[in-house]
1. Label B:ARG82 and C:ARG139 with points 7 Å out from Cα along Cα→Cβ: what is the distance between them in nm?
2. Per residue of segment A:288-305, in order, report the coupling 6.51 cos²θ - 1.76 cosθ + 1.60 (Karplus, θ = phi - 60°) as ³J(HN,Hα) in whole Hz, putting x for Gly and Pro.
3. Say each of C:GLN9 and C:LYS75 gets a label point 7 Å from the Cα, pointing the same way as Cα to Cβ; how far apart are those two points in nm?
4. Say the cut-off is 25 Å between C-alpha atoms; which of B:LYS102/C:LYS140; A:LYS36/A:LYS58; C:LYS11/C:LYS75 go over it?
5. So which trypsin sites (Lys or Arg not before Pro) in segment C:33-122 are both in a DSSP loop and have at most 16 other Cβ atoms within 10 Å of their Cβ?
6. Shielding of C:76-82 by partners, i.e. mean partner chain Cβ atoms within 10 Å per residue?
7. Averaged across C:122-130, how many Cβ atoms of other chains sit within 10 Å of each residue's Cβ atom?
8. Does anyone have the angle between helix A:315-326 and the longest principal axis of chain A? Alpha-carbon axes, 0 to 90°, nearest 10?
Amino acid sequence: MTEMNRERLDLNTDVITVNMGPQHPSTHGVLRVVLKLDGEVVLSAVPDVGYLHRGIEKIAENKTLHQVIPYTDRMDYLSPMSNNIGLAMAVEKLIGFQITERCRVMRVICMELARLASHLLWLATDALDVGAGTVYFYAFTEREKIYDIFEKMSGARFTVSYGRIGGLARDWPEGLEREIETYVAQAHKTIDECDKLLTRNKIWIDRNQDVGVISAEKAIDMGLSGPPLRACGVEWDLRKAYPYLGYERYDFEIPVGEHGDCYDRYLIRMEEMRQSIRIVQQALKEMDRSIPLFPEDPESRKVFLPPKDRVLTKMEELIHQFIVATEGPKTPKGKEIYFAIEAPKGELGFYLVGSGTNVAHRCHFRAPSYINLQALPILIKGAMVADCVATIASLDPVMGECDR
Amino acid sequence: MGVKTLDQPDQELDRQTREDLQMVKGGVIFGSLSKLVDMARKNSLWPMPFGLSCCAIEMMAMVASRYDLARFGAEAMRFTPRQCDLMIVAGTLTKKMAYAAKRIYDQMPEPKWVIAMGVCTTTGGMFNAYSVVQGIDHIIPVDVYVPGCPPRPEAVIYAVMKIQDQVMKEKWAPLGKRSHHGHYRGRDPKYGALPLLDTGVKAEVKGYQEEPGSPTWRKGYYTG
Amino acid sequence: MADVIQTVQSKFPGAILEIVEYQGERTLVVQPGRVRAVLGHLKQSEGFNFLADISSAHWPEEGRIDVVYIVRSLKSREQLRIRTPLPIEDPVVETVSDLWGTADWLEREVYDLMGVQFTGHPDLRRIMLPEDFEGHPLRKEYPMEGDDEWRNYVPPETRENRE
Ligand code: SF4
């Protein structure tokens, strides 16, 4: 044995600490993870969040509830629709407001399209993180089509701010239903294509199966929700558990996994996209333009902002606009509600406390990304560094929502 | 010498050059070396996507199929600052994140340019809150601001084109003096280390004992 | 639901200060000292296995900080809210992070932004804000733009470029 070889044998391997982030460890935002490594094996991991803490909860206490809606867009910025409609529904619950049937159907369509858009972006980034670049372009092409629909609805392609307390920002333009119909009729094509590219791909399976495993009990203990919880075999979906917006009328299934690993989370999200398409198709059939978008009784006029085209042409609507914008919906003082929707990432909850004015005394958001991310140390303990990236991607955290 | 530079524009071309030129029928570019380099540089910007929040998604859309930044030769996004010359800051910069922005900027080799994408990066935007830096120009110099919340991908592409213009216009200072943007300060002790994070990691590893009070695992950070 | 409250009432007499019902949701207002016991009972005996959220609210006029727990049973789909009023001078409550893993970060968030101490928490540090931040921004007296010192705060490393 040469001198050098002997030296090599004596080499001490130490446990090292590696810092991942905060600058985009895996294209999911500013997350920092401190890993303690033995060679390539992760001994323990400590996520450090807060790099995108923008004080949305504090801002929300200083603005009227109508003004808070644009801020919710910037929380989970992959699916702004579900956030601002969620907040609108929470406020409606707090003040006890009933929206019309058509508004309900339209909201369902918006939220399911948002789920589709969010999962598509997750698919793009997850595949990119694991090394499959093609899917990124496929998914973004598809997303742009959804953006086009959102743009026609709200005027913005990305941060839509379309939900309003008591309704929606404005009615859809003529013929948008048909456009959505044509879109969803072909939306499964891209999903199938990505399915073909990934699901039975050897590399994809190797990198995802049995990676980032969590058991059902542990998942419930850690408060996981959304696809990560369902991947462990827990059939829990707020759309079924506490149906809102008439979700109980639609025929759809909740995909449930069994292993609780990255691959199951992938399969579940793929299936959820297909189910979303189903829901949108059913909802489009229920869409009935003869029902008004906003309730007409005088009491509810004090809640919602009248649509812009009416404000600019009718005197009394202008007065309403003025009154609602300044005085807004009065929240009952000291009363509190918790309202949760099944956002693409998981359970998005709103805890609102009324103050007697149109400003919430307290506005807390239960962010699914924040709580799902908390389970990261459990998921990646004992895994390799490369698995860590795949696991973070499969949890699909959005830091804007995580840190608020 | 068959190359004519624009530094001596008034001088007549010599006969040999003229004859050469006629032979190749104009397939020759005249220009100063710096201009040629600038041209090459302009059409192969390597952006460093400093994606912080929502705007980053639009930045991704800009690179993806519909908007296709590759048409401007700037699609080679690299996540390491050392390979890049254009930093696109996209998103809300918080005070907790500020040091990272500064450090990444400092690590980029000269010459470098910065695009501030979105109102958050530009001025703090709608987040006039305790934790948000009110405009990234408090921390690093910016060449092009792109307003919008988020700006459409077209707007950012326009900003990239503006940067390209600037690349062509900019004076070519000798290396080392080009510090209109500040420079990388390597291992300057003044610079300090990343704030240490007490991670509370207390892993039991077989055959390895952490010496009492030893800060080994804390030293693992990149300290600039 | 009613029997859950009854068992809690019989098991912890005097612990429930008030029962509020609004929009079909029940809130139990519980004495601060006994929150942990009540929550532990709900988890172990009543099957409330899922902690949805921990939140807080500051009431400066009343001089109290409310800490709110939302617990849920995934089996029976029951949901219950436990609220506990803490005095503003000394907001301390026992941790529940050993009952539910979820509580770990949620309590850290409440500690960071609202300044409630959770005794027995394994790792009570700031989570959203940098370690050198002072104050608790979600308290009502804290200005939205940050207090005078923090408003113009620039991290030390980045300071010199401003000149
Ligand atoms: S400018 Fe708007 S879209 Fe961009 S990061 Fe700020 S809030 Fe998000």
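No value in this document is a laboratory result; all are computed from the given coordinates. Small disclaimer: the values here were computed from a predicted structure and weren't measured. Cβ atoms come from the backbone with ideal geometry, glycine included; neighbour counts cover every protein chain shown.
1. So the label points at B:ARG82 and C:ARG139 sit 4.6 nm apart.
2. Those phi angles translate into 9, 5, 6, 7, x, 6, 10, x, 9, 5, x, 5, 6, 4, 7, 9, 8, 6 Hz.
3. 2.5 nm
4. Violating the 25 Å limit, Cα to Cα: B:LYS102/C:LYS140; A:LYS36/A:LYS58.
5. C:LYS75, C:ARG77
6. Values: counts 0, 4, 0, 4, 0, 4, 0.
Mean shielding count: 2.
7. 6
8. Here the helix axis deviates by roughly 40 degrees.
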